[in-house]
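See structure below.
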Amino acid sequence: MTSILGISAFYHDSAATLLEDGEIIAAAQEERFTRIKHDASYPKNAINFVLNYANLKLSELDYIVFFEKPFLKFERLLETYVAFAPKGFLSFSKAMPIWIKEKLFQKKLLIDKFKEQDKNFKSEEKIFFSDHHLSHASSAFFPSPFEEAVILTADGVGEWATTTVAVGKKNNLEIKKEILFPHSLGLLYSAFTYYLGFKVNSGEYKLMGLAPYGDPIYVEKINKIIDVKIDGTFNLDQDYFNYAKGLTMTNNNFHNLFGQKPRNPEKEKITKFHMDIASSIQKVTEEIMIKLAKSIRKEYNVKNLCLAGGVALNCVANGKILEAKIFDKIWIQPAAGDAGGSLGAALALWHIQFKNKRVVEYNDKMKGSYLGPEFSQSEIETELSSLGAIFETYNYDELIDKTSEYLSEEKAIGWFQGRMEFGPRALGARSILGDPRSEHTQKNLNLKIKYRESFRPFAPSVLEEDASSWFDLNVSSPYMLLVSKINKDKKIPMTPEDKSLFGLEKLNIKRSEVPAITHVDYSARIQTVNKNTNKRYYDLISKFKKKTGCPLIVNTSFNVRGEPIVNTPSDAFNCLMGTELDYLIIGNCILDKKKQNKNFIKDYSKKFELD
């Protein structure tokens with residue numbers, strides 16, 4: 001049996017993935033173990049996990065592959081400095097020491113780390129380096145349910161490429177064309193994320209969630225800084241940006257064009273201006289992705305599309321591509337960002353380099369993206385007892401019945417079951433759950449449990465067979481990467497008073513039978529659930545449907561703002577005690593917040609100042 005370890009690290013979202021004879025065995029992000037959001041360090045803990053899961057040692061691996069090529073990235077850094085010199089010296093001088101000390105000699109750094117982790121590790125010949133966007137493309141195509149597909153990847157930047165088009169067929173994949181730095185759709189979106197006062201590489205979700213509150217009145221101005229061709233290719237006017245030569249994303253030309261300086265989140269509230277900016281850049285992003293999709297469909301005449309890269313996490317844009325019916329079928333890698341590069345690099349080595357046969361599966365080969373750690377019932381009880389937690393254990397049917405009853409009573413539930421998800425979305429393994437029918441669920445979960453902005457929307461997990469009855473969606477969406485509108489018969493018409501409201505005033509309007517998951521534009525980010533992928537979660541939603549007639553529940557990631565998704569029973573217990581969650585359902589244990597020792601209560605609310 002051939003074992004391959006894929007690694008992504010040193011930029012953001014470090015991760016490790018293990019393959020055995022091409023099968024995905026385990027994968028996890030380092031942040032889940034260190035509790036440092038977007039941890040970029042060498043993923044020692046993630047590597048330990050995937051190896052332990054397969055009962056392997058580092059020295060026993062056949063191959064190790066890194067997700068990108070450091071020398072090409074260094075080349076870009078040097079050439080960018082030369083192109084913009086003398087501008088950019090400050091950012092260049094700050095980047096250079098760490099490159100010369102560590103990143104430029106990454107193979108040696110990795111070997112040293114491997115030897116620290118396993119003193120018996122010796123073979124340098126085992127180590128390979130993939131290309132950043134080849135890793136993304138491979139993560140999208142090889143696990144997909146398609147024999148043939150065109151693959152579109154888009155993110156900030158890899159070595160040089162920011163957007164690529166590839167064609168995959170059977171066990172091979174070839175990149176056909178690319179757009180190079182500094183022209184980047186991902187960096188354009190991140191520039192506006194920065195401008196709106198959100199954190200780059202994590203606040204893009206906030207921009208996307210804010211967009212429906214505004215109107216796209218700045219599209220024309222955005223088109224002054226990006227030249228979009230009819231085929232979707234584009235050029236960014238660097239006179240308006242600072243990311244290639246400075247320490248910020250935008251410059252004064254950018255600020256003067258839109259009439260305001262970047263928002264200071266510590267001093268300035270979100271206004272109609274910020275909502276309109278968000279709406280405008282979201283619209284431009286959607287238009288570019290649709291143009292790209294149309295042009296590559298026409299050029300390559302391939303009926304299936306795969307997506308990866310950070311931009312593929314823009315589920316609104318994904319939904320627009322689906323709605324446009326450009327391709328027959330679409331599949332999106334659930335770990336679309338750099339973490340998924342660890343998976344793609346390993347798959348590229350197995351299929352492209354070693355030319356191993358690829359077997360296509362009907363759904364996909366991601367196993368629901370449930371690829372992370374899991375805990376046995378005895379491990380859960382031992383850890384909870386060591387924490388002084390008070391819990392009761394139930395059999396399977398009782399647990400499902402009680403949890404569904406709590407949900408129907410509008411209780412907020414921490415749900416910790418089975419293997420942790422790989423990727424940024426909680427998919428019913430490490431989730432916070434709520435009643436979608438309640439008008440109070442969204443605000444309560446945002447402000448009292450997640451400690452985040454009240455405008456952030458929540459997603460529904462819906463039984464796959466019922467999805468089309470509630471949403472304008474006729475395909476499965478297992479990874480919560482498609483946005484679609486709620487069906488007309490579930491909507492509640494807006495009154496003249498409702499229509500007169502602006503901005504965040506729209507938040508409290510009841511728009512549908514399930515207001516907690518209905519965004520201000522009547523959309524929802526949908527996860528479809530089937531019993532073959534996650535039986536326990538499917539049974540819970542089915543029992544909730546039996547009690548209420550509603551085949552969906554609210555699902556959001558089991559964490560508080562600024563922290564990674566919980567990984568261990570201790571993480572879950574701390575989240576229970578630091579928020580206003582009502583219950584924690586972990587394995588076959590139920591923890592009632594009201595019965596816990598008050599000395600264990602943490603106050604997360606003081607940790608976060610909301611924008």
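The figures follow:
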| read-out | value |
| --- | --- |
| Where L61, L180 fall by accessible area, highest first, once all protein chains stay in place (1.4 Å) | L180, L61 |
| Lysine pairs within region 215-304, Cα separation less than 14 Å, 8 or more sequence positions apart or different chains | 6 |
| Extreme residue, positive dipole direction of region 395-513, given options S477, N508, Y396 (C-beta unit charges) | N508 |
| Lys, Arg +1 and Asp, Glu -1 on Cβ, resulting dipole of the chain about Cα centre, debye, nearest 20 | 780 debye |
| Loop-resident sites, region 476-527, for trypsin sites (Lys or Arg not before Pro), counting at most 14 other Cβ within 10 Å (DSSP) | K510 |
| Restricting region 300-353 to trypsin sites (Lys or Arg not before Pro) in coil, as DSSP defines it, with at most 14 other Cβ within 10 Å | K303, K325 |
| Volume of the Cα convex hull of region 323-413, divided per residue and given in Å³ | 250 Å³ |
| Fraction of the pair-distance distribution of region 99-201 above 19 Å, Cα-Cα pairs, percent | 61 percent |
| Computed [θ] at 222 nm, deg cm²/dmol, the chain (DSSP H ≥ 4; -39,500 (n - 2.57); rounded to nearest 500) | -9500 deg cm²/dmol |
| DSSP-loop GluC sites (Glu not before Pro) across region 296-368, with at most 13 other Cβ within 10 angstrom | E361 |
| 20 °C / 1.002 mPa s Stokes-Einstein diffusion coefficient of region 506-555, Kirkwood radius on C-alpha pairs, µm²/s | 176 µm²/s |
| Share antiparallel - DSSP beta bridges, the chain, percent rounded to 5 | 70 percent |
| Farthest positive-ward along region 113-235 dipole, Cα basis, beta-carbon charges - from T162, V219, F234 | T162 |
| Probe 1.4 Å, accessible area per residue of the chain, Å² | 41 Å² |
| Assigned charges on the beta-carbon of Lys, Arg, Asp, Glu; region 318-366 dipole about Cα centre (debye) | 200 debye |
| Region 484-611 - percent of accessible surface contributed by carbon and sulfur, probe 1.4 Å | 49 percent |
| Accessible-area order (highest first, 1.4 angstrom probe) of the listed residues S378, S123 | S378, S123 |
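The values are calculated or read from the model by the stated rules, or taken from the named source; none is laboratory data. Only a predicted model underlies this, so the values are computations on that prediction, with no experimental measurement involved. Positions of Cβ are generated from backbone atoms using ideal geometry, with glycine treated the same way; all protein chains shown enter the neighbour counts. These area figures cover heavy atoms from the full protein model, side chains too; ligands, DNA and RNA do not enter into them. Shrake-Rupley method; radii C 1.70, N 1.55, O 1.52, S 1.80 Å.
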